[in-house]
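Each remark here refers to the structure printed beneath this line.
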Amino acid sequence: MNCPIPQDQLDEIYAFAIDLARKAGKLLLERIGERNVDQIYTEKENAVDLVTQTDEDVESLIKTAIQTKYPTHMFLGEETYAKGQSREYLIDEQPTWCVDPLDGTVNFTHAFPMFCVSIGFIVNHYPVIGVIYAPLLDQLFSSCLNRGAWLNEKRQLPLIRKPSIPPMPSNAPSKCIFACEWGKDRRDISDGNLHRKIESFLNLAAERGGRGGKGGMVHGVRSLGSATMDLAYTAMGSVDIWWEGGCWEWDVAAGIAILLEAGGLVTTANPPDDLHAPIEPVKLGSRLYLAIRWVP
């Protein structure tokens, strides 16, 4: 990808994004200690689609810092977008910050550590910078175009230590760790999203040849409660395959940037008409994603 922003400016934006993610993470840590006292959450679409005052306060912190530092850049955040705007994709070719201030809000309200702040920077529809910080784990995943992907940048640990990553099993998805989320649509209807996902989980978990030949016998199906964290661990190689539908850009922008820079693959989860055709690169806004870790 030929980025129109010079590399030295991109490096400056990258450093700013890392510092901003750590400041946002600090606020999350301060707030999590208050959750049993005055942490009030609101249900959006249903009882598993939550927003807290912390979501909104963290987004405000991030948005204010970005608009002060880079006033010509566009900004798309989950909470400000969700308030009163039509559900259309708003990212174009302009430099755009795409932010989820608290991915894993349900986890946060239970002090389950799989929650994070997610900051992506997109140019010409391509995510060139990604920063994901999980403050309760003190794990910071980050990447910048042409600079690699890193875990806890001060220790300079490459996210993928490639000599130690095994090849993908020849009969994948068997023997793989597979990540997917339950999603927010919990309607108990026979052809609904919930039932389709459960059917997929059963197919993946069943013995090879089981379920009419659909059995995949994966080593495990993981649901971390955060699509962003799913992508981070796929980028790290701890998850082999990630699949998800219904994601908005802020759910995936930073994670896709990190996974691509780590050498992984992200594409649409819709199978092509020609199974032998080249795999198309991911398009933000496709809503349905399939990601695979780096494979030697």
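The values are calculated or read from the model by the stated rules, or taken from the named source; none is laboratory data. The model shown is predicted, which means the values in this text are computed figures rather than measured ones. Here Cβ is always computed from backbone atoms with ideal geometry, including for glycine, and neighbour counts include all displayed protein chains.
Key figures for this structure:
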item: Cβ pairs under 9 Å, 6+ apart, first in segment 140-160 and over 17 Å from LEU10 (Cα atoms) and among the polar types (S, T, N, Q), second assigned to a strand (DSSP E or B) and at pLDDT 90 or above; result: ASN152/GLN139; ASN152/LEU140; ASN152/PHE141; ASN152/SER142; GLN156/TRP150
item: Meets criteria (in contact (Cβ under 8 Å) with a residue 24 or more places away in the chain and under 20 Å from PRO169 (Cα atoms)) for LEU260; result: no
item: Subset of segment 25-53 that is under 19 Å from the mean Cα position of the chain (by Cα) and more than 21 Å from GLU181 (Cα to Cα) - its residue that is modelled with the lowest pLDDT; result: LEU28
item: Segment 193-210 residues that are under 16 Å from PRO173 (Cα atoms), paired with ones that are surrounded by 15 or more Cβ atoms within 10 Å (Cβ to Cβ) and modelled with pLDDT under 80 (beta carbon under 6 Å, 6 or more apart); result: ALA206/GLY215; GLU207/GLY215; ARG208/GLY215; GLY209/GLY215
item: Unique match (being of a type in the set (D, E, K, R), assigned to a helix (DSSP H, G or I) and at pLDDT 75 or above) among LYS154, LYS197; result: LYS197
item: Residue within segment 244-251 that is free of Cβ contacts under 8 Å to residues at least 40 places away in the same chain, closer than 22 Å to VAL128 by Cα and in a loop (DSSP other than H, G, I, E, B) present; result: no
item: Pair list, Cβ < 6 Å and 6+ apart or interchain, from segment 122-136 residues that are more than 9 Å from ALA253 (Cα to Cα) to residues that are in a strand (DSSP E or B) and aliphatic (A, V, I, L, M); result: VAL131/ILE119; TYR133/VAL117; TYR133/LEU140
item: Subset tally (residues that are in a loop (DSSP other than H, G, I, E, B) and of a type in the set (A, V, I, L, M)) for segment 252-281; result: 5
item: Residue match in segment 240-257 (condition: farther than 30 Å from MET74 by Cα and either buried (at least 22 other Cβ atoms within 10 Å of the Cβ) or at pLDDT 80 or above (or both)); result: yes
item: Close pairs (8 angstrom Cβ cut-off, 6 or more residues apart or separate chains): under 23 Å from PRO281 (Cα atoms) in segment 1-21, part of a helix (DSSP H, G or I) anywhere; result: CYS3/LEU10; ILE5/ILE13
item: Those residues of segment 1-24 which are modelled with pLDDT under 85 and surrounded by 13 or more Cβ atoms within 10 Å (Cβ to Cβ), in sequence order; result: none
